[in-house]
1. With the structure loaded, tell me whether Ser100 is of a type outside the set (Phe, Trp, Tyr) and closer than 17 Å to Asp134 by Cβ or whether it fails that test.
2. Cβ-Cβ under 6 Å, sequence separation 6+ or interchain: first residue in the range 78-104 and farther than 18 Å from Ala169 by Cβ, partner in a strand (DSSP E or B) and polar (S, T, N, Q). Which pairs?
Amino acid sequence: MQRTTIRATDATATAVASSAPPPPATAGTDGATGDGTADDGPAARILTVCLGNVCRSPAAEALLGEAAARSDVPIEVESAGTSVATPGRRANRRMRRAASRIGVTVNSRTRQVRPDDLQHFDLVVAMDRRNLADLVAMRAEHGGRAEIRLLRSFDPSATTLEVPDPFRAPPSFHDSVLACMTGSIDGVVAWAADHVGRDRAASRGDEEAGATSTSHTRAA
């Protein structure tokens, strides 16, 4: 598991559920501080989730990391799986090669999704309905504050809300899966921009309230 803080950019979305997360790692790309905190304020914490964390979620993590690095929105992104056979394993070779063909580096390591992920992360993005159901069930049992959504719910042109699993599929299918995910990335970044904007506005409100309280105390 690795952690990086990066920045993101534009888009829109459609909701499915809400819940809570743990400590975020992120897509390994340029533009990161690596200390888990943004230089200029709070970062949106996003976790991408599939079944084994070897194909779809590491690719989504990398795609989101690339988009974040090109933008001004601070994002922490990490990936995990609902049923990880071998923690610490590299992503599927065919998926890594497919990503490299479009200039994206997939370099995360597999890990199991944990109940505390649903408290730590702001947004947990599932690749298919099975992943979504597992995450919602985990939240029902353990609680959490993260919003839980299907990745393709962020793509207004999507004709299906599921990202197919390319494990054991030929290389060309991995290319198709990457193309299918790409249309959702801008929507996730737009969600992050809105989330960070609301956090910053809330922080400013708290600071102003504190300043007003202090001035009243001094006057008294």
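Just so you know, all these numbers are worked out from the coordinates, no wet-lab data involved. Predicted, not measured: the structure shown is a model, and the values here were computed from it. FYI the Cβ positions are ideal-geometry reconstructions off the backbone, even for glycines, and counts take in every protein chain you see.
1. In short, no.
2. Within 6 Å, the pairs are Ser79/Thr48; Val84/Gln112.
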